[in-house]
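In what follows, a single structure is set out as structure tokens and then discussed.
The values are calculated or read from the model by the stated rules, or taken from the named source; none is laboratory data. This structure is a prediction, so every number in the text was calculated from the model and none was measured. Don't worry about glycine lacking a Cβ; one is built from the backbone with ideal geometry, like all the others, and counts go over all protein chains shown. Accessible surface areas use protein heavy atoms only, side chains included; no ligands, DNA or RNA. Shrake-Rupley method; radii C 1.70, N 1.55, O 1.52, S 1.80 Å.
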Amino acid sequence: MKRFLLLLPLLAAFLPQSLRADAVVTFNEVMYHPASNEPAMEWVELRNLLAVDIDISDWSLSGAIAYTFPSNSIIRGRSHLVVAISPATLAAATGLSGVLGPFTGRLGNNGETLVLKNNSGRVIDEVTYGVEDEWPVAADGSGVSLAKRDPDSASGPALNWAASDQQGGTPG
């Protein structure tokens, strides 16, 4: 036991800050500052980390935006779900179907907090993105989104996020 206790500090030094997400659904991509600065193109993408379908009926998004998922809202196993401020505008621009929304509020161009809660009010995932420090600056108005480097990583650390590879991001 004594040897183990002596090794703890050494082991902790090698553990990455970007530990795996400890949620079943996480934030995966955020378009908070489109190149056109058009609010109708703001959206958030969630990802189901499990291989089974998850019913997120009555779950909610809060913080910068507000949205409550309607009955029969299902995220398929290992799939994505997009919620937009203007689902019709995003669908017309991208051809993506099944976009939910509209959410109320706005995704701040200088940073905001996004919270996903289940139908019991428990926080499932949370991210506070920004435009300073380690947050990718390209996602701030250049037309690319803020995207997870590894979809299975935790949402909190800035180092787990990058600018998407495509203009307009990759919703869905």
Check: Within the range 136-172, can you find the residues that are surrounded by fewer than 19 Cβ atoms within 10 Å (Cβ to Cβ), touching a Phe, Trp or Tyr at 6+ places or on another chain (Cβ under 9 Å) and not small (Gly, Ala, Ser)?
Finding: Arg149
Next item on the list: Could you tell me whether the range 11-18 includes any residue that is surrounded by fewer than 20 Cβ atoms within 10 Å (Cβ to Cβ), assigned to a loop (DSSP other than H, G, I, E, B) and at pLDDT 95 or above?
Entry: no
Check: Counting just the residues of the range 33-49 that are part of a strand (DSSP E or B) and open to solvent by less than 20 Å² (accessible area, probe 1.4 Å), which one comes out farthest from Phe103 (Cα to Cα)?
Finding: Asn48
Margin query: With touching a Phe, Trp or Tyr at 6+ places or on another chain (Cβ under 8 Å), over 21 Å from Arg149 (Cβ atoms) and open to solvent by 20 Å² or more (accessible area, probe 1.4 Å) as the only criterion, which of Val83, Val99, Val52, Val123 stands out?
Written below: Val99
Notebook entry, point to check: Does any residue in the range 60-72 that is closer than 15 Å to Val30 by Cβ come within less than 6 Å, Cβ to Cβ, of a residue that is open to solvent by less than 50 Å² (accessible area, probe 1.4 Å) and among the polar types (S, T, N, Q) six or more places away or on a different chain, and which pairs are these?
Noted result: Gly63/Thr113
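So, Val115, is that one in contact (Cβ under 8 Å) with a residue 60 or more places away in the chain, open to solvent by less than 30 Å² (accessible area, probe 1.4 Å) and of a type in the set (Val, Ile, Thr) or not?
No, not satisfied.
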Next item on the list: Kindly indicate whether any position in the range 103-110 is loosely packed, with under 13 Cβ neighbours inside 10 Å, closer than 22 Å to Gly156 by Cα and modelled with pLDDT under 95.
Entry: yes
Margin query: Anything in the range 55-70 that is crowded, with 20+ Cβ neighbours inside 10 Å, part of a strand (DSSP E or B) and touching an Asp or Glu at 6+ places or on another chain (Cβ under 9 Å)? List them, or say none.
Written below: Ile65
Next item on the list: Please work out which one of (1) within 17 Å of the chain's Cα centre (by Cα); (2) open to solvent by 40 Å² or more (accessible area, probe 1.4 Å); (3) of a type outside the set (Asp, Glu) is the condition Thr89 fails and give its number.
Entry: (1)
